[in-house]
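> Here you go, one structure.
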Amino acid sequence: MPLGTTTAGPVRIREMTADDCEAVARVRVRGWQYAYAGLIPRAYLDAMSVEEETAKRREYLTRGDGRVADLVAERAGRVVGWGCCGPSRDEDAPAGSAEVYALYVLPEQVSTGVGRALMDALIARAVSEGASALVLWVLAANERARRFYAKAGFAPDGAAEAFEVGGATVSEVRYARELSASSAAAPSRG
């Protein structure tokens, strides 16, 4: 763990700003490299660039239409996690569904409460926007993430698809969770 990194202390969730783009890019790149090791070709993961991802994050943030919520998790003043959600992109998702597009934490922050805090905030945001359900896609072979989402009240809804990344075909499954005002107030079970 780099000097000055801490996994202890409270987690603060806040809106992402343009100043966070590089930190969020680092979270996303390192998150992918950690979470998808052995699931996505190593050459693809190794080629991921924080600089390129920073430019993408900045572009997405500046051209956003206000329908996507980008949230960061801070611990000791340092961005250690990022998640975003917005309207579901799936035509076959339940009416009124929102979607978690991404949720990543730095590898040294896995199992420290950062992901849970981000998920709770994303659920609360979806509820406040009037969503009746929340969906997300997860790699079928990513057992750790699937356990995390199950603890947060999500379950597979039967939808699955494959996509190509780095020359390999990987399968994803969709998870869903019904929402209500009381579900936003209740912390996840993980």
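> Any idea of the accessible area per residue across the chain, 1.4 Å probe, to the nearest Å²?
51
> Which number do you get for Rg(Cα) / (2.2 N^0.38 Å) in the range 85-190? All intermediate terms of the calculation are to be shown ahead of the outcome.
On the way: Rg = 13.6 Å, N = 106, 2.2 N^0.38 = 12.9 Å.
Relative to the rule-of-thumb radius for its length, the range 85-190 sits at 1.05.
> Still on this structure, I have one more. What longest range of the chain stays clear of loop-exposed trypsin sites (Lys or Arg not before Pro) (DSSP non-H/G/I/E/B, at most 16 other C-beta within 10 angstrom)?
Answer from the scan: 90-188.
> Here's another thing I want to ask about it. From the Cα gyration tensor of the chain, with a ≥ b ≥ c the square roots of its eigenvalues, which class applies: rounded if a/c is under 1.5, or else prolate if a/b is larger than b/c, or else oblate? Spell out each step's value before the answer.
Working: a/c = 1.38, a/b = 1.12, b/c = 1.23.
Since a/c stays below 1.5, the shape of the chain is classed as rounded.
> Then there's this: Want the number for THR62 to ALA37: 0.36 nm per residue separation, take away the alpha-carbon distance, what's left?
Details: separation 25, 0.36 × 25 = 9.00 nm, distance 3.08 nm.
Gain on stretching THR62 to ALA37: 5.9 nm.
The values are calculated or read from the model by the stated rules, or taken from the named source; none is laboratory data. Owing to the predicted nature of the structure, the values given are computational and were not obtained by experimental measurement. Neighbour counts are summed over all protein chains in view; Cβ atoms, including those assigned to glycine, are modelled from backbone coordinates with ideal geometry. All accessible areas refer to the heavy atoms of the entire protein, side chains included, with ligands and DNA or RNA removed. Shrake-Rupley method; radii C 1.70, N 1.55, O 1.52, S 1.80 Å.
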